[in-house]
Number of protein chains: 4
Amino acid sequence: MGAYEVTLPVRFGQVDYAGIMYYPRFFENFHAVFEDMFTARLGVPYTSILEDRRIGFPMVHIETDFRRPFRFGDPMRLVLDVTRIGRSSITFRYRGFNGREPEPSVEASAVVAVIDLDTFDTLEIPADIRVVLEALKG
Amino acid sequence: MGAYEVTLPVRFGQVDYAGIMYYPRFFENFHAVFEDMFTARLGVPYTSILEDRRIGFPMVHIETDFRRPFRFGDPMRLVLDVTRIGRSSITFRYRGFNGREPEPSVEASAVVAVIDLDTFDTLEIPADIRVVLEALKG
Amino acid sequence: MGAYEVTLPVRFGQVDYAGIMYYPRFFENFHAVFEDMFTARLGVPYTSILEDRRIGFPMVHIETDFRRPFRFGDPMRLVLDVTRIGRSSITFRYRGFNGREPEPSVEASAVVAVIDLDTFDTLEIPADIRVVLEALKG
Amino acid sequence: MGAYEVTLPVRFGQVDYAGIMYYPRFFENFHAVFEDMFTARLGVPYTSILEDRRIGFPMVHIETDFRRPFRFGDPMRLVLDVTRIGRSSITFRYRGFNGREPEPSVEASAVVAVIDLDTFDTLEIPADIRVVLEALKG
């Protein structure tokens, strides 16, 4: 399967005074592709992981390089894959390409924990989710 | 002078389904303290730097550790200082303490460029801004 | 042509502590369908209206009824049409249906002005935009 | 006691491409003054109403007039009062003044329901909250 990909246009409400994507908004887009990936690859709505299984994925560490700005209306092609799968934590990689450009204009490495939403204790990654993550490693 | 500090309560609209601060919202708070610091330390509204002098500070790289969650209503005491001043780039440090706790629950290192907002070319840091940044190094 | 329609899932970052769509986020979705409608119906990116033609559409008045909540993951089917076209103002109607439900769960009537973005003076609606708006009246 | 008032500067991340407050952001500010009012007037954190007492205030209907734009850096003086108190619903009024101007630049009338957050059934307004609301009627 490999990486998961969604294209999101830069919205009017996402650009700042300088006319470029306001940097906190990138993280909202990252989360959107994260949600959509689970829904598409796990075959059930992402929400069911949280609501029915009470599993959460809080961010522990994220490093992001902003190489070139995105302007209002630019198509942000977001590519999500996985670079590391631990016992109860995962490192995702987000790369944002401006349309058809060959190199990412934004790139992030994000470590998330896997937790029980009721106790906030870490959880071993469940088998069905691990299968999805392994497929994302490409 | 040293570090600049503002306390912002975690808002209803900033927490997520899990009842904790949604991680993209931290960056909005970081920007708020960044704006307020310039206004307080430069003695003119932050906006005048952008509007009148056409200087911008786009994010180039940011690394963030989320150590403990912030819950709805928690007072986020944000402390901003500077760890590096280059010719046309600056490394800021953001530390977020949950009320009176001694260790930061969130910590970020953020490299911003200094640019001309009309051309997006880098600019040498102007002298009056450099004075403010030096004072932030504590 | 008639109404323009887009379906947007309710995102993790859009729900509040109560697990339902935080009401300010509805307006962000309204703006997204507004942008997409222009791009689709005018045949040029919405951004070109603002950037090249310097035309803006500030909100003057909006009334919104929130009839039933949207929960995290619900598909919000947003239907945009026009109920009034003036000389330099337009009344849009937004209706948000939860998936296939027959009645809208949220409904808004929004009056926007048409202005010159450089002077903020009102503008007579340009002919090509008026054609798009007439088609939206269905 | 009368109306409750907070001044919030228009933030960099709140303005849009046109350099003025993006209209969905007004509603976030309205919610901030709503939260602060309860904390100040009830003498306990607003969060305790939701978390401990499981009472919520979902928006049912809101009408807003945007009379003059707010620009980046403008001080938005938000004044909150109450125009109607029902059995299980309340009409709040939000007026936003640009600094010391005598007339509000933005004005909203907002009907919220009072509900049990676990069942989403309406609740009779509790006595201590009614006292706070009556005092807001001025």
Mind listing whichever residues of segment B:92-122 are aliphatic (A, V, I, L, M), out of contact with any Ser or Thr (no Cβ under 6 Å at 6 or more places or on another chain) and under 17 Å from B:Met59 (Cα atoms)?
B:Ala110, B:Val112, B:Leu117
Checking the structure you have, find out if any residue of segment D:104-114 is more than 16 Å from the chain's Cα centre (by Cα) and at pLDDT 95 or above.
no
In segment C:49-102, what residues are more than 18 Å from the chain's Cα centre (by Cα) and under 27 Å from D:Ile20 (Cα atoms)?
C:Glu51, C:Asp52, C:Arg53, C:Arg54, C:Arg87
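Working only within segment D:4-21, note down all residues that are within 23 Å of C:Asp118 (Cα to Cα) and more than 8 Å from chain C (Cβ to nearest Cβ).
Keep residues of segment D:4-21 that are within 23 Å of C:Asp118 (Cα to Cα), which gives D:10-21.
Scanning segment D:4-21 gives D:Val10, D:Arg11, D:Phe12, D:Gly13, D:Gln14, D:Val15, D:Asp16, D:Gly19, D:Met21.
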Restricting to segment B:102-138, name every residue that is touching a residue at least 24 places away in the same chain (Cβ under 8 Å) and over 25 Å from B:Val44 (Cβ atoms).
B:Glu103, B:Pro104, B:Ser105, B:Val106, B:Glu107, B:Ala108, B:Ser109
Selection count where residues are in contact with a helix residue (DSSP H, G or I) (Cβ under 7 Å, 6 or more places away or on another chain) and not in a strand (DSSP E or B), scope segment C:101-124
1
Among (1) touching a helix residue (DSSP H, G or I) at 6+ places or on another chain (Cβ under 6 Å); (2) on the phi < 0 side of the Ramachandran plot, which single condition is B:Gly73 missing?
(2)
Is one or more of the residues making up segment B:36-45 closer than 30 Å to A:Asp118 by Cα and in contact with a Phe, Trp or Tyr (Cβ under 7 Å, 6 or more places away or on another chain)?
no
Exactly one of these conditions fails for D:Asp74: (1) of a type in the set (Asp, Glu); (2) over 30 Å from D:Phe12 (Cβ atoms); (3) at pLDDT below 95. Give me its number.
(2)
Return the residue satisfying two criteria in turn: it lies in segment C:92-133 and is of a type in the set (Val, Ile, Thr) and either in contact with an Asp or Glu (Cβ under 6 Å, 6 or more places away or on another chain) or surrounded by 17 or more Cβ atoms within 10 Å (Cβ to Cβ) (or both), and of such residues it is nearest to A:Ala32 (Cα to Cα).
C:Val106
Of the numbered conditions (1) out of contact with any helix residue (DSSP H, G or I) (no Cβ under 6 Å at 6 or more places or on another chain); (2) among the acidic types (Asp, Glu); (3) in contact (Cβ under 8 Å) with a residue 40 or more places away in the chain, D:Asp81 satisfies every one except a single condition; which is it?
(1)
I'd like to verify a number: residues in segment B:23-59 that are free of Cβ contacts under 8 Å to residues at least 24 places away in the same chain, within 13 Å of chain D (Cβ to nearest Cβ) and not basic (Lys, Arg), how many?
12
Residue, farthest from C:Val106 (Cα to Cα), within segment C:18-48, restricted to residues that are modelled with pLDDT under 95 and among the β-branched types (Val, Ile, Thr)
C:Val44
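For segment C:1-56, which positions are acidic (Asp, Glu), in a loop (DSSP other than H, G, I, E, B) and surrounded by fewer than 21 Cβ atoms within 10 Å (Cβ to Cβ)?
Passing the criteria: only C:Asp52.
From the set of residues in segment B:60-100 that are part of a loop (DSSP other than H, G, I, E, B) and closer than 25 Å to A:Ala108 by Cβ, which is nearest to the other protein chains (Cβ to nearest Cβ)? Show your work before the answer.
As a first pass, look at segment B:60-100 and keep what is part of a loop (DSSP other than H, G, I, E, B): B:67-70, B:72-74, B:86-88, B:99-100.
Of the ones still in play, those that are also closer than 25 Å to A:Ala108 by Cβ are B:67-70, B:86, B:88.
Working: B:Arg67: 8, B:Arg68: 10, B:Pro69: 7, B:Phe70: 11, B:Gly86: 17, B:Ser88: 16 Å.
For segment B:60-100, the residue satisfying everything is B:Pro69.
The values are calculated or read from the model by the stated rules, or taken from the named source; none is laboratory data. Nothing here was measured: the structure is a model prediction, and the numbers come from that model. Positions of Cβ are generated from backbone atoms using ideal geometry, with glycine treated the same way; all protein chains shown enter the neighbour counts.
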